[in-house]
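Data first, discussion second: the structure below is written as structure tokens.
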Amino acid sequence: MPDTDRRDMQQKGFLNHMANKEQRPVRSDHAGKLMPQAEKKLHEAVCVLLVELCERFTFFGIVCNMILFCTAKLGYRSHQAAMVNVCFVGTSTLTPVLVGWLAEYLVGRIKLVCICMFLHFLGTALLPVVSFPFEDVYIDRRHILLTLPKREQKIVFYFALLTASLGIGGIRAIVCPLSAYSLEDCGPKELLSFFNWFHWLVNLNSAVVFVSISYIQQSVARNLGFLIPFVSGLMAMITIHMVRGEMIYKPKADSSLLTTFGVIFSALKTCCVRHRYFSTTMASWLDHAKENHGGHYSETQVEGTKSLARLFPLFAFQILYRTCIMQIPSGYYLQTMNSNLHFGGLALPVAAMNVISIVPLLILVPILECINSWLFSSKDTGHSPTIYIVVGHLSAALSVLVAGFSEMHRKHFPQVEQTLSQEVLLVSSMSCFHLAPQYILLGVAEALVTPSCSLLSFWLVPERMRGISMHFLALFNGAGCFMGALFVQTAHAGTQGSWFPHLLHEGKLERFFFFLASLMMVNTLGFWTIAHRYNNLHEDCANEFRGNNPGEKLLKHVKAIKHYNAVLESSSILSPVEKT
């Protein structure tokens, strides 16, 4: 009996301690600390957003007139300039994945962000060296011509693009990761709203860049245009330096990209061996990687990879869509450059036409917010953004199709001389605004597809796998960029320059657009057939993906036990028998 009383007293003391621990947050002294904590979070969010906008300002400033610079100053053919631009976009999309892995396993986050800031500064500082010709230098009243030779100019140019893309990857992966915005407790409605407005801000920033920088590069001070990305990168570094202790986000330790690839390769290896020598059947081929089935990975790791593998078809169908989007900085840009850019006596910059593709997104996001609020508020409708993705893919296919007809229409106009970056070109007299429908359709596609894909990639996996899922989405988007460059090279080489010519009026660029549109239509139909897999975003669907994780089940049981202990002690309705 004394032992029993002692155990009862210990249990009661433990329960009192748990109850006091649960009640502690509601005290008045803690309430006074909420405001500074909230102000700190707001300060961090504003700083991260500012750095994000500065980085995008730098990125779009480099991209907006790269084709014109490569063709007019470096002497590249049109298809080569388009490939360089698209490959830079693809590299900048993939480098955050690489830098994020280096930060976690090899270098360290603080050290690596300093290296990336230096690379970003170096790349943006070297671009003016390539673009500035030093032709107007006078020493002792003598005119000095200090132009950089073409070969060295190209070497410096590629080195600057590589270092800038690595710096961009470091900023996106370490300073501005998606997890820095604290989205863990958000539901699908809040997540879709976040992704909509986040892309709205990014595109608003890009609209300002395309109008201002492209005009400066092309008209006012063409040789100083690349100095603006340098200034923008300097602003980003100053912002990071001011709040470096609070801005460098440290994510939670969760599943890694290497672990995910290891599970996949281990399952494939074991599956092939067992298929050859044994005839065993399992619910999923990834189960072969589990330790209890002869693999090397725990059940938690395998189940997380299985939830991610369900998204692979979604990712795969985004590759060709991203290839269509890459027509804006490649094929569409060349069409605009070879059209009449004069409007009411004003010479428009080529990249300013990109704003036409951004305007639909800026208009549609508030409208989509209202639609989503109504749809998610209805409990009976299984609303899913997959319908947005299908419509967006269809809009992208129609855009490329319209681009083909616009190219045929453009050739019927007589040619006129037009000066671009002090180079006289023969272009069609057709107004560049005739190309507006294809830009608008791609803008509608981006407004519908990108936030919806981000939501599905983020929501339909366990919490610890969300960063890996977004990395895979970036990998497939980068693959779409490089596939666009491969299509350009293949079309040019396979048709002796006819499908992607240097002089558009001498080739058949419309055939390239028609071919790409036909592929995109097939891609749209393919995704439509599997869209039902991602239709349910309600709680049942979330539990289905998250309920298979034993670690998360155990965590829920531990939380339930703690909650029960606190209630057991604080409840006043327990009977005397229950209290003894």
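Details
- Residue in region 483-493 that is free of Cβ contacts under 8 Å to residues at least 24 places away in the same chain, in contact with a Lys or Arg (Cβ under 6 Å, 6 or more places away or on another chain) and hydrophobic (A, V, I, L, M, F, W, C) present: no
- Listed here are the helices (runs of 4 or more DSSP H) enclosed by region 318-432 that have at least 2 residues being open to solvent by 10 Å² or more (accessible area, probe 1.4 Å): 354-377, 386-410.
- Criterion: open to solvent by less than 10 Å² (accessible area, probe 1.4 Å), at pLDDT below 90 and within 29 Å of the chain's Cα centre (by Cα) - qualifying residue of Val488, Val461, Val449: Val461
The values are calculated or read from the model by the stated rules, or taken from the named source; none is laboratory data. From a predicted model like this one, the values you see are computed outputs, not experimental measurements. Note: ideal-geometry Cβ built from the backbone for every residue, glycine included; neighbour counts use all protein chains shown. The protein model used for the area step is the full one, side chains on, heavy atoms only, and it has no ligands, DNA or RNA in it. Shrake-Rupley method; radii C 1.70, N 1.55, O 1.52, S 1.80 Å.
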